[in-house]
Each structure stands twice: as C-alpha cells, then as structure tokens.
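The values are calculated or read from the model by the stated rules, or taken from the named source; none is laboratory data. Owing to the predicted nature of the structure, the values given are computational and were not obtained by experimental measurement. A quick note on method: Cβ atoms are made from the backbone with ideal geometry, for glycine too, and the neighbour counts reach across all protein chains shown.
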C-alpha cells in the first residue's frame, strides 16, 4: 500500500495526508475571507504568494545555501541569518517605522522595534559564534591528542 | 521552516506564558506600555482614533440599560453606588498581544440585567460612544452575561479608567477577544440579541 502510494504520488502516504490537511485548512481560511468580498484580491494573493515562493524565494535560498556551503561552516552563518531575516520580514512595517495609523490608533510610538530586532539578530549571531568557537576548540584539541 | 517557527515563537511566547517571562516577548505588537498605573497596559484603539471626545465621556454621560419593557438611565455616580465586584482578567487582543491579569472593579452584567427585570439572564447588545472603528457595538451571549466575572468595569488597578481604556465604563468578560470588551459603553440592551 505504502509502495503503491509512493509510486503514484511520489512521496510517503504521510506526506500526502499532511498536504491534504494543509490544503483543507487553506481552503477553509479562503472561504472565510470570501465573506469580506473582493474574491479577485484574495485569488491574486493566494496565487501570487505561491508563485513568489516557487519562482523567487526557493531559487534565492537554494543559491544562498549553496554559496555558503562552498565557503564552509555554512550553517553557522545561515541559521542566524535565516532566523533574523524571517523576523525582519514578519515585523518589517514596525521595524521600518510605524505608520500614522499605528501611532494614532495605539497611542504608542512603535519606536522600540528596530532596536529590538537588531539586538535579537546580534544575539542570534553571537550564539552561533559561540557554538563555532566551541566546535573549533574541540576540533583543535582532538587534533592535538 | 522549523527554525523560523522557533524564532517567531521565542520572540512572542512571553506574553502567553506571562509572569517573569512576559518582558521576553520583545517583538510582540504593542511591545511597549503606554504609561503607568491605570494606563500601564496597551490599547487596541485610543479614544481620539475612535472618535470619542471629552464631551461624550464628561458629566453628561449616561448609561441606558434596557430590558424586558423596562429602561433605566444611570449616571456614573449611580453605577458606583451599585454593589461593586472585582475581577482579575487580562485583555487578549486578536492583533497578537495580551496583558497580565488586571484588577477590574465595577458592576456585574448579571446585576444590571436584574435591574431591568431581564431574568435568566439573556444575552446583551452593548453599544459604545465610538463613531469609528469596527466594534462600536458587540453582542454577548447569555452565559457571558451570567458569568460572575463579567463586569461593566468602572475602575482598573485601583484607579478610575482612563479615557483610552474606556472611561466612563467598559465591558470586561472572561475568555473573550479584546475587541468584544466594548469601551465607552452608552447602552446595554438585554434580550436584544
């Protein structure tokens, strides 16, 4: 049965189950959005996000990953860079400086986000550097022994 | 993917865990407190943005309570003279932020229902003085009205509400999205939903 699904579908049945679940969730969210009107806008965002991911993001992070692997010790740079980049992407509007609406609506300045993102990024790279230093020392000790 | 989820979790989970870990949610929206005391927790919408003015909330403010064919109009002083109850509840906003448990003080919604003879009690339609924003009114179900923790709050953390937090009176109900806890309440219609 497993082999049959794998031959027909190209991956394990668990993968198929997960994909069906995820697509059902997306479809449910999509129908909820339709209550707000503007079905074209929703379609553009759904299809646009898939295209952007497959045509721009996948090649971009594949290339970056390959390049870093050529340099060596790729994960030590890649891991904090990806985490920091994702935080930047999610909180971009607040990090760039909040909109007039944010300031008027919340009564807050929205000012700490840029500094906090920089500190979080610094902490990520520092942790990665610490891991690298420990690994380096251990490798040298092993060579000496 | 797992790494990204972990990074987002670690920068926001502090607000959900609460206690000493609350300040670790460095990137949660509304990450800074607007002031101290009764102003020491964030708001979704300020009074100015909601179109609520000093005139709406000044001495001329009245609360209309409607029930089964009965209507009572109360001043803030009259509300303060009704039995006051306390309730420790957070504000949890769908925007992705929440507060610690705040010490609310006010009149139970169930007591206000009884005042106009709405027994059961039934659900209530809560209307606000706010003129803009999507939640100028909200409907609460009968079980939310009956909960002894559900208040029409007049004070928080030992001080009068500030105008941004809904002065003269706001609703606070357990386990309810922040936006359904209507601020600047002007009318409670029991049985109208």
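The table below lists the values:
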| item | result |
| --- | --- |
| Identity of the residue in segment A:98-145, assigned to a loop (DSSP other than H, G, I, E, B) and under 26 Å from the mean Cα position of the chain (by Cα), that ends up farthest from residue B:23 (Cα to Cα) | A:99 |
| Test: residue in segment B:4-15 that is in contact (Cβ under 8 Å) with a residue 12 or more places away in the chain, over 30 Å from residue A:124 (Cα atoms) and assigned to a helix (DSSP H, G or I) | no |
| Qualifying residue in segment B:142-165 (condition: part of a loop (DSSP other than H, G, I, E, B), without any contact (Cβ under 8 Å) to a residue 24 or more places away in the chain and outside the structural domain of residue B:12 (by TED's automatic domain parsing)) | no |
| Selection count, segment B:174-193, where residues are touching a strand residue (DSSP E or B) at 6+ places or on another chain (Cβ under 7 Å) and free of Cβ contacts under 8 Å to residues at least 60 places away in the same chain | 2 |
| Segment A:98-113 - residue that is at the interface with another protein chain (Cβ under 8 Å from one of its Cβ atoms) and out of contact with any helix residue (DSSP H, G or I) (no Cβ under 8 Å at 6 or more places or on another chain) and, of those, farthest from residue B:47 (Cα to Cα) | A:112 |
| Qualifying residue in segment B:154-168 (condition: farther than 20 Å from residue B:93 by Cβ and in contact with a strand residue (DSSP E or B) (Cβ under 6 Å, 6 or more places away or on another chain)) | yes |
| Any hit, segment B:144-156, residues being within 14 Å of another protein chain (Cβ to nearest Cβ) and more than 24 Å from residue B:40 (Cα to Cα) | no |
| Count of segment B:1-18 residues which are modelled with pLDDT of 80 or more, in contact with a helix residue (DSSP H, G or I) (Cβ under 6 Å, 6 or more places away or on another chain) and either within 11 Å of chain A (Cβ to nearest Cβ) or over 14 Å from residue B:96 (Cα atoms) (or both) | 1 |
| Segment B:59-70 - residue that is over 15 Å from residue B:122 (Cβ atoms) and touching a strand residue (DSSP E or B) at 6+ places or on another chain (Cβ under 9 Å) and, of those, surrounded by the fewest Cβ atoms within 10 Å (Cβ to Cβ) | B:62 |
| Any strands (runs of 3 or more DSSP E) falling wholly within segment B:51-102 and containing at least 1 residues that are over 16 Å from the mean Cα position of the chain (by Cα) | B:63-66, B:71-74 |
| Qualifying residue in segment B:47-54 (condition: more than 14 Å from chain A (Cβ to nearest Cβ) and at negative phi) | yes |
| Residue B:26 vs. criteria buried (at least 16 other Cβ atoms within 10 Å of the Cβ), modelled with pLDDT under 80 and under 19 Å from residue A:112 (Cβ atoms) | yes |
| Options B:150, B:134; residue that is more than 19 Å from residue B:84 (Cβ to Cβ) and either at pLDDT below 90 or crowded, with 22+ Cβ neighbours inside 10 Å (or both) | B:134 |
| Hey, residue B:115 crowded, with 20+ Cβ neighbours inside 10 Å and modelled with pLDDT of 90 or more or not | no |
| Selection count where residues are within 14 Å of chain B (Cβ to nearest Cβ) and in a loop (DSSP other than H, G, I, E, B), scope segment A:38-91 | 1 |
